[in-house]
1. Would you mind telling me which numbered condition in (1) assigned by TED's automatic domain parsing to the domain that holds Arg349; (2) among the aromatic types (Phe, Trp, Tyr); (3) without any contact (Cβ under 8 Å) to a residue 12 or more places away in the chain Phe187 fails?
2. Taking only segment 163-173 into account, find how many residues are at pLDDT 80 or above and within 14 Å of Leu116 (Cα to Cα).
3. Of the conditions (1) of a type in the set (A, V, I, L, M); (2) over 21 Å from Arg258 (Cα atoms); (3) part of a helix (DSSP H, G or I), Leu327 clears all except one; give me its number.
4. Among the candidates Ser148, Ser188, single out the residue that is closer than 30 Å to Ala112 by Cα and of a type in the set (Gly, Ala, Ser).
5. Being in contact with a strand residue (DSSP E or B) (Cβ under 9 Å, 6 or more places away or on another chain) and either free of Cβ contacts under 8 Å to residues at least 12 places away in the same chain or charged (D, E, K, R) (or both) is the filter here, so list the residues in segment 256-271 that pass it.
6. Please tell me if Leu334 is within 20 Å of Ser141 (Cβ to Cβ), in contact with a helix residue (DSSP H, G or I) (Cβ under 9 Å, 6 or more places away or on another chain) and in contact (Cβ under 8 Å) with a residue 60 or more places away in the chain.
Amino acid sequence: MRNQRMSFSLGTGNADSAARKAANVYNDFLTLGVEAALAKHRPQKATESITTVGQWIDAARSVSTVNTATFALYAAALRKIAGDIIRVKRNRKRFGPKGGGAKAYRQAIDAAPLTLLSPEPIQKWRLGYVKRAKTPAEQRSRMTSCNSTLRQARSLFGKKITRFVPLAEPPPFQHVEFFPRQSAKYFSRIDAKALLTQARDELAENDPPAFLVVLIALAAGLRKGEIDTLCWHQIDFERGVIRVEHTDTATLKSADSRGEVPIDASVVELLRGFRARATGAFVIEGRDGVAGPRIWGRNYRAQNVFDRVTAWLREHGVTAKKPLHELRKELGALITAEHGIYAASRVLRHADLSTTTAHYTDLKTRPTIPVGEWLEPQNVVPMNRQRKACALDHA
């Protein structure tokens with residue numbers, strides 16, 4: 001068939017029945033021809049009405065098993081790529097739902113034909129996305145974000161979707177290329193002790209919810225969503241652990257995210273003090289005890305608190321794109337240095353050890369050789385003399 005490989009679901013687990021059906025398919029290809037056999041055994045009626053990006057997103061949403069927040073990320077990635085390909089005009093108003101900017105932006109992309117997601121336009125998009133970088137560091141960052149966007153968008157055309165919503169071959173993103181994986185090693189630029197001390201001095205009394213966010217992120221390495229929905233009953237003060245689990249108000253990133261995170265006795269006592277003054281079930285409260293969700297994007301019940309924490313962290317030298325998540329990374333580095341890579345993997349609740357080793361180096365001691373001590377004192381040229389000599393030479 002023109003060097004193309006195709007598969008057909010036989011719809012049975014019985015070997016004899018499957019063999020008979022396979023024989024019928026084969027005979028139809030020989031007697032009816034390719035087009036007629038395909039029309040008979042793999043009709044594409046479902047795709048006749050799915051011709052645009054928006055229609056596909058709606059169809060995929062109806063059969064997807066991922067949680068709402070994850071699906072929203074996938075859809076946003078697909079719209080990002082499609083919108084760039086057709087050059088939809090973008091401005092900051094599209095982030096304002098009250099003005100209808102986001103709705104208009106999505107409608108323009110959703111009306112685009114699915115056929116635009118062919119290999120050539122996608123290849124031009126990925127190359128153009130990285131070429132816009134102005135520095136080597138930005139280029140590296142764009143390669144990573146480009147790969148992530150492509151993987152998320154491609155998830156909407158995976159087998160878990162297309163088994164229920166048929167799609168003409170080949171599906172979009174099937175032959176997409178990715179940039180080489182960039183190093184994800186974490187290099188600490190934070191003085192964790194000084195940062196937490198500053199948080200205590202500046203936030204503990206003036207903004208207790210913000211202080212608790214910093215404390216929990218740095219002491220337990222919880223993710224933003226896990227902090228957002230953390231309830232007091234999930235903290236076992238006697239055993240000194242935080243139970244990260246599904247609750248009536250929270251879902252987890254993955255099954256591996258479930259677990260018990262140990263916290264230090266001093267942190268337990270700090271949390272015990274805040275618990276005594278708490279007025280609700282959630283650990284993180286707004287100033288008035290009411291959460292501040294957003295009505296577009298991912299919703300965080302304590303978004304108002306996270307906004308204040310982000311601003312505070314940036315003011316205190318945490319320059320990462322996601323300052324709060326940087327505290328989780330910092331805890332991983334501290335645990336790796338003190339207790340090893342496996343302990344860090346368990347505390348951070350990574351799916352497997354390879355995820356942890358991709359970010360941290362298991363070094364419990366500094367692997368240095370004191371070569372400077374090999375030099376005899378009389379052979380060392382003081383820097384001040386060298387600078388004077390250079391000054392005389394120039395004179």
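1. If we test Phe187 against (1) assigned by TED's automatic domain parsing to the domain that holds Arg349; (2) among the aromatic types (Phe, Trp, Tyr); (3) without any contact (Cβ under 8 Å) to a residue 12 or more places away in the chain, just (1) comes out false.
2. Summing the residues that are at pLDDT 80 or above and within 14 Å of Leu116 (Cα to Cα) in segment 163-173 gives 3.
3. Going through the list (1) of a type in the set (A, V, I, L, M); (2) over 21 Å from Arg258 (Cα atoms); (3) part of a helix (DSSP H, G or I), Leu327 breaks only (2).
4. Ser148
5. Step one: list which residues in segment 256-271 are in contact with a strand residue (DSSP E or B) (Cβ under 9 Å, 6 or more places away or on another chain), which gives 257-263, 268, 271.
Passing the criteria: Arg258, Glu260.
6. Working: within 20 Å of Ser141 (Cβ to Cβ): no; in contact with a helix residue (DSSP H, G or I) (Cβ under 9 Å, 6 or more places away or on another chain): yes; in contact (Cβ under 8 Å) with a residue 60 or more places away in the chain: yes.
Here the answer is no, as Leu334 does not meet what is asked.
The values are calculated or read from the model by the stated rules, or taken from the named source; none is laboratory data. Everything numeric here is computed off the predicted structure, so don't read it as measured data. Don't worry about glycine lacking a Cβ; one is built from the backbone with ideal geometry, like all the others, and counts go over all protein chains shown.
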